[in-house]
Amino acid sequence: MAETMKGMHRSHRCTEVSSANIGETVTVMGWVQKRRNLGSLIFIDLRDRSGILQIVFDEPKVGSEGFAKAGTLRSEFVVAVTGTVEKRTAAVNENLKTGDIEVIASDIRILSESETPPFPIEENSQTKEDLRLRYRYLDLRRPDIQRNLMMKSKVAMLLRNFMEKEGFLEVETPILTKSTPEGARDYLVPSRVHPGTFYALPQSPQLFKQLLMCAGYDRYFQIARCFRDEDLRADRQPEFTQADMELSFVDVDDVIDVNERLLQYVFKEAIGIDVQLPIPRMSWQEAMDRFGSDKPDTRFGMELVNVSDVVKECGFGVFTGALEQGGSVRGINAKGQGAMPRKKIDKLVEFAKGYGAKGLAYLAVNEDGTYKSSFAKFMAEEELKALVEKMQGEPGDLLLFAADKNKVVWDVLGALRLELAKQLELLDKNQYNFLWITEFPLLEWSEEENRFMAMHHPFTMPMEEDWDKIDSDPGAVRAKAYDIVLNGTELGGGSVRIHQNDIQEKMLEVLGFTKERAHEQFGFLLDAFAYGVPPHAGLAYGLDRMVMLMMKCDSIRDVIAFPKVKDASCLMTDAPNVVDDKQLEELALSVQAAEQEEKDV
């Protein structure tokens with residue numbers, strides 16, 4: 001039967017007790033990790049969020065009643081123990097922070113009993129994630145998950161400390177706002193008071209932080225909850241946390257300066273990593289040409305090489321056909337992998353097809369200097385030799401080529417170099433390679449929509465020297481946009497914003513907005529711009545992603561207390577779920593039942 005704490009007060013967390021407390025009486029409280037009954041002595045490992053402390057129950061010291069209680073303890077019972085700190089008489093446990101001491105109990109209370117958990121509460125759990133997420137309140141007791149969440153709390157405090165010293169004001173922006181469906185899909189919230197109308201949950205505080213600049217707040221900061229109804233990945237969730245900022249009277253270099261110092265401060269204080277400044281910068285075009293990605297992982301080489309000029313007149317139709325269609329032929333050199341078995345190469349071909357490739361051409365340079373290739377018979381010896389030289393191929397190397405439209409080639413080889421790096425174990429999680437990507441295209445063509453879309457959002461400032469191409473060659477206009485990348489993950493991104501009405505109206509026109517629709521969607525922002533708006537720019541970090549990389553986790557779910565799974569559902573609460581008809585009536589909503597597809601018998 002559970003007891004109360006009355007008269008008992010915790011004096012220390014488990015690992016706050018140390019050899020400095022030897023001889024002192026302490027009271028600790030927590031969960032039983034495990035119990036060992038040696039007959040005359042009972043040992044328990046007591047766990048709280050700080051770690052583990054060994055408690056010893058000796059009947060003459062704890063009394064017969066206390067000793068009997070200790071004998072009933074099982075994993076995850078919650079107990080309070082008072083006792084004296086002593087130096088360990090048995091072997092010291094160097095794996096524990098408290099491994100040289102123990103507490104000899106004089107009093108114990110069982111505050112709560114526990115059923116047998118559905119899985120062990122232990123670090124690096126091998127239990128299937130679905131089961132752990134169903135019992136997330138138990139999974140959260142694991143020391144590695146607790147360390148992740150404590151680090152997230154620490155990082156948030158460090159961000160706030162830095163921003164306050166830099167003159168930023170923390171301002172909350174609305175969660176219930178207007179839908180502006182230019183980008184990811186919104187989560188919609190029906191209004192009871194205004195039947196048939198909907199709020200949207202914010203994808204970011206973008207428009208409101210720009211309005212704060214219009215209002216003269218100069219430097220804004222917020223740790224903001226954001227929501228996007230999009231397909232999930234390891235580093236993506238439907239609801240997530242941004243460290244968001246906006247600054248007035250600044251340009252690109254000003255924003256980068258503040259954020260480089262911010263990153264240097266946070267990474268040093270949080271995990272002891274020295275970020276060297278200035279952080280390297282690379283244009284979007286260079287990143288795509290060298291790495292096939294606008295968030296390149298620079299911890300390893302295997303860079304893309306454009307061999308279009310070498311193969312433009314060869315006899316291999318796959319190469320020449322791609323060039324005739326305005327595409328390119330590029331390759332990567334997997335050093336030392338020339339002896340890779342054909343089966344493994346075939347798997348790489350299938351992997352490439354998943355990213356839009358029709359196939360993947362390969363050429364292995366044998367140790368004797370001869371070639372083994374999927375296309376050698378279509379090319380002369382001199383052409384093959386020139387191709388290998390262009391790729392800096394040496395005996396023992398494997399050269400892999402993609403030929404198609406530039407976007408497909410970039411996607412395929414960008415993903416392939418990462419896949420090979422994983423297979424060859426080239427990714428060092430102890431290495432932190434930061435990189436700024438700048439000069440993004442302002443617009444990108446959408447085949448689905450048959451129009452230009454904003455690569456970032458419709459409020460991004462074009463580079464002044466490119467603005468005269470907005471009508472003649474919109475795709476060539478670069479943006480004053482910048483992303484901060486860490487080890488192949490986009491850590492944050494932002495841009496200088498448009499603050500002139502004429503440029504903003506033209507931008508919306510290029511995106512296919514009529515003046516009427518533009519004012520219907522963004523009228524409150526455009527109206528504000530009529531009353532004196534300063535030049536302004538901003539950036540937002542994915543806080544969850546940042547902590548994920550700091551803690552060397554493979555999934556963003558490991559740094560979020562109650563995450564969703566891939567279909568955006570919560571296994572613990574069974575959300576989303578149906579609601580009462582009465583609630584739907586109040587909202588003037590009816591739900592159309594999904595039609596069941598008839599199955600062939």
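The values are calculated or read from the model by the stated rules, or taken from the named source; none is laboratory data. These numbers were taken from a predicted model, which means no experiment stands behind them. Reconstructed Cβ throughout: ideal geometry from the backbone, glycine too, with neighbour counts over all protein chains shown. Ligands, DNA and RNA are stripped out before the accessible areas are found, and what is left, the full protein with its side chains, is counted by its heavy atoms. Shrake-Rupley method; radii C 1.70, N 1.55, O 1.52, S 1.80 Å.
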Scanning segment 43-76 for residues that are in contact with a Leu (Cβ under 8 Å, 6 or more places away or on another chain) and of a type in the set (A, V, I, L, M, F, W, C) gives Ile44, Leu46, Ile52, Leu53, Ile55, Val56, Phe57
Log entry, pairs with first residue in segment 111-138 being β-branched (Val, Ile, Thr), second being surrounded by 14 or more Cβ atoms within 10 Å (Cβ to Cβ) and part of a helix (DSSP H, G or I), beta carbons closer than 9 Å, six or more apart or on different chains, reads Ile121/Leu138; Ile121/Asp139; Ile121/Pro143; Thr127/Asp139
Matching residues in segment 300-337 (free of Cβ contacts under 8 Å to residues at least 24 places away in the same chain and of a type in the set (Ser, Thr, Tyr)) number 2
In segment 301-335, anything open to solvent by 20 Å² or more (accessible area, probe 1.4 Å) and among the hydrophobic types (A, V, I, L, M, F, W, C) is listed as Met302, Val305, Val310, Phe316, Val318, Leu323
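Collect the residues in segment 439-451 that are open to solvent by 10 Å² or more (accessible area, probe 1.4 Å), in contact with a helix residue (DSSP H, G or I) (Cβ under 7 Å, 6 or more places away or on another chain) and at negative phi, keeping them in residue-number order.
Within segment 439-451, the first condition is being open to solvent by 10 Å² or more (accessible area, probe 1.4 Å), and the residues that meet it are 439, 441, 444-451.
Subset that is in contact with a helix residue (DSSP H, G or I) (Cβ under 7 Å, 6 or more places away or on another chain): 439, 441, 445.
Scanning segment 439-451 gives Pro441, Trp445.
Looking at segment 503-548, which of its residues are among the acidic types (Asp, Glu) and under 26 Å from Ile256 (Cβ atoms)?
Asp544
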Note on segment 69-120: residues surrounded by 16 or more Cβ atoms within 10 Å (Cβ to Cβ), within 35 Å of the chain's Cα centre (by Cα) and of a type in the set (Ser, Thr, Tyr) are Ser75, Thr98
By residue number, the members of segment 459-516 that are outside any strand (DSSP E or B), crowded, with 17+ Cβ neighbours inside 10 Å and among the aromatic types (Phe, Trp, Tyr) are Phe459, Phe513
The condition of being touching a residue at least 40 places away in the same chain (Cβ under 8 Å) and more than 22 Å from Gln146 (Cβ to Cβ) holds, among Val85, Val79, only for Val85
Among the residues of segment 346-353, is there at least one that is free of Cβ contacts under 8 Å to residues at least 60 places away in the same chain, touching a helix residue (DSSP H, G or I) at 6+ places or on another chain (Cβ under 8 Å) and within 23 Å of Gly315 (Cα to Cα)? no
Given the conditions (1) open to solvent by 60 Å² or more (accessible area, probe 1.4 Å); (2) among the β-branched types (Val, Ile, Thr); (3) more than 43 Å from the chain's Cα centre (by Cα), every one holds for Ile42 apart from (1)
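Please verify whether segment 127-142 includes one or more residues that are within 23 Å of Ile223 (Cα to Cα), open to solvent by less than 40 Å² (accessible area, probe 1.4 Å) and modelled with pLDDT of 95 or more.
Looking through segment 127-142, at least one residue is within 23 Å of Ile223 (Cα to Cα), open to solvent by less than 40 Å² (accessible area, probe 1.4 Å) and modelled with pLDDT of 95 or more.
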Restricting segment 379-419 to residues that are in a helix (DSSP H, G or I) and among the basic types (Lys, Arg), the one most open to solvent (accessible area, probe 1.4 Å) turns out to be Lys407
Residue count, segment 264-299, condition touching a residue at least 24 places away in the same chain (Cβ under 8 Å), surrounded by fewer than 17 Cβ atoms within 10 Å (Cβ to Cβ) and within 25 Å of Arg417 (Cα to Cα), comes to 5
Cβ pairs under 9 Å, 6+ apart or interchain, first in segment 3-22 and free of Cβ contacts under 8 Å to residues at least 40 places away in the same chain, second hydrophobic (A, V, I, L, M, F, W, C) and in a loop (DSSP other than H, G, I, E, B), ordered by first then second residue, are Ser11/Val17
Modelled with pLDDT under 95 and either open to solvent by 30 Å² or more (accessible area, probe 1.4 Å) or more than 24 Å from the chain's Cα centre (by Cα) (or both): does that describe Ala339?
yes
Residues of segment 546-567 being open to solvent by less than 30 Å² (accessible area, probe 1.4 Å) and assigned to a loop (DSSP other than H, G, I, E, B), in sequence order, are Cys553, Ser555, Ile560, Pro563, Val565
Of those in segment 517-535 that are over 20 Å from Pro462 (Cβ atoms) and without any contact (Cβ under 8 Å) to a residue 40 or more places away in the chain, the residue surrounded by the most Cβ atoms within 10 Å (Cβ to Cβ) is His519
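Rundown of residues vs (1) in contact with a helix residue (DSSP H, G or I) (Cβ under 6 Å, 6 or more places away or on another chain); (2) in contact (Cβ under 8 Å) with a residue 40 or more places away in the chain; (3) among the acidic types (Asp, Glu), yes/no style:
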{"position": "Glu170", "(1), (2), (3)": "no, yes, yes"}
{"position": "Ser179", "(1), (2), (3)": "no, no, no"}
{"position": "Tyr199", "(1), (2), (3)": "no, no, no"}
{"position": "Pro202", "(1), (2), (3)": "no, no, no"}
{"position": "Leu207", "(1), (2), (3)": "yes, yes, no"}
{"position": "Gln210", "(1), (2), (3)": "no, yes, no"}
{"position": "Cys214", "(1), (2), (3)": "yes, yes, no"}
{"position": "Tyr217", "(1), (2), (3)": "no, yes, no"}
{"position": "Tyr220", "(1), (2), (3)": "yes, yes, no"}
